1. Among the candidates His125, His109, which residue alone is at pLDDT 95 or above, assigned to a strand (DSSP E or B) and either out of contact with any Gly (no Cβ under 8 Å at 6 or more places or on another chain) or surrounded by fewer than 16 Cβ atoms within 10 Å (Cβ to Cβ) (or both)?
2. I'd like to check something: does segment 85-98 contain any residue that is in a helix (DSSP H, G or I) and in contact with a strand residue (DSSP E or B) (Cβ under 8 Å, 6 or more places away or on another chain)?
3. Can you tell me which residue in segment 192-208 is modelled with the lowest pLDDT, limited to those that are surrounded by 14 or more Cβ atoms within 10 Å (Cβ to Cβ) and of a type in the set (A, V, I, L, M, F, W, C)?
4. Among the residues of segment 133-166, which ones are surrounded by fewer than 17 Cβ atoms within 10 Å (Cβ to Cβ) and part of a loop (DSSP other than H, G, I, E, B)?
5. Which number in (1) touching a strand residue (DSSP E or B) at 6+ places or on another chain (Cβ under 9 Å); (2) at pLDDT below 90 marks the one condition that Trp167 misses?
6. If a residue must be closer than 19 Å to Phe126 by Cα and β-branched (Val, Ile, Thr), how many such residues does segment 151-201 contain?
7. Mind telling me which of the residues Ala85, Ala92, Ala62, Ala71 ends up being among the small types (Gly, Ala, Ser) and more than 17 Å from the chain's Cα centre (by Cα)?
8. Could you give every pair whose Cβ atoms fall below 6 Å, whose first residue belongs to segment 56-82 and is more than 16 Å from Tyr95 (Cβ to Cβ), and whose second residue is among the polar types (S, T, N, Q), counting only separations of at least 6 or pairs across chains?
Amino acid sequence: MQVVGELDSDGKQDVFIVGLAGTSGSGKSTVAKRVASRLKGHVISMEVYALEMNHLSLKERAKLNYDAPHATDVNLLESQIRDYAAGNAVEAPIYDFAKHLRVTDRREHIPATSLLIVEGILAFHFAQLRQHFDLSIYLEAPDEVCFHRRKVRDITERGRSLDLILWQYKNAVLPAAHEYVLPSKSFADLVLDSNADIATVEKNLYQAIVSKRALAGKCWRPLKKDRFARKDLQ
């Protein structure tokens with residue numbers, strides 16, 4: 001059995017890629033970052049791959065529907081996932097969520113590791129992305145829970161007004177969820193209840209990834225001090 005992190009016969013690191021989808025506010029970003037950190041991996045968020053609309057005014061950019069598939073630079077995203085799968089570091093876009101624009105003079109360097117989690121509401125919508133996932137997990141939570149989480153995030157992290165948050169949720173987030181996100185759940189290998197506390201969701205995601213990697217022969221052995229380590233995988 002090959003252990004993740006070792007080099008394959010071509011001298012490249014064996015990479016395990018997880019697709020993580022769910023409606024806005026389901027907890028994807030938070031748990032993806034926590035689990036990736038524990039497994040020494042990295043996260044790519046689909047949000048930062050919004051098509052560049054820097055030529056528009058701030059008012060115009062704020063009213064765009066970023067939850068629809070046409071707003072995603074899926075070709076750039078797919079090419080970087082492919083590069084990462086080949087064992088290469090990537091330079092991901094940086095997005096200014098307060099101003100609704102892509103930063104043009106900087107990129108985020110994402111070093112090559114043995115694990116990549118690709119998270120986003122439309123992670124399963126695009127067939128060209130789904131083909132790269134070794135494991136596809138969907139996080140599910142009630143609309144009211146998702147809205148509350150999104151509202152708190154947008155106010156505290158993105159400096160958005162309550163009026164804009166309500167407008168976006170009614171005119172973009174909910175329609176996109178029903179038209180694109182919820183139907184894509186059928187492509188998931190596993191659906192996790194994310195209505196629970198974040199620590200529980202994190203634990204369930206962690207165990208799902210570790211178990212699947214072991215079954216796939218891409219085994220990662222958790223440290224004994226890791227509070228989520230399963231005894232049968234040590």
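The values are calculated or read from the model by the stated rules, or taken from the named source; none is laboratory data. Source: prediction; values computed, not measured. FYI the Cβ positions are ideal-geometry reconstructions off the backbone, even for glycines, and counts take in every protein chain you see.
1. His109
2. yes
3. Only one residue fits best here, namely Ala196.
4. Residues satisfying the conditions are Pro142, Glu157, Arg158, Gly159, Ser161.
5. (1)
6. Residues flagged as closer than 19 Å to Phe126 by Cα and β-branched (Val, Ile, Thr) within segment 151-201 amount to 3.
7. Being among the small types (Gly, Ala, Ser) and more than 17 Å from the chain's Cα centre (by Cα) holds for just one of Ala85, Ala92, Ala62, Ala71, which is Ala62.
8. The qualifying pairs are Glu78/Gln128.
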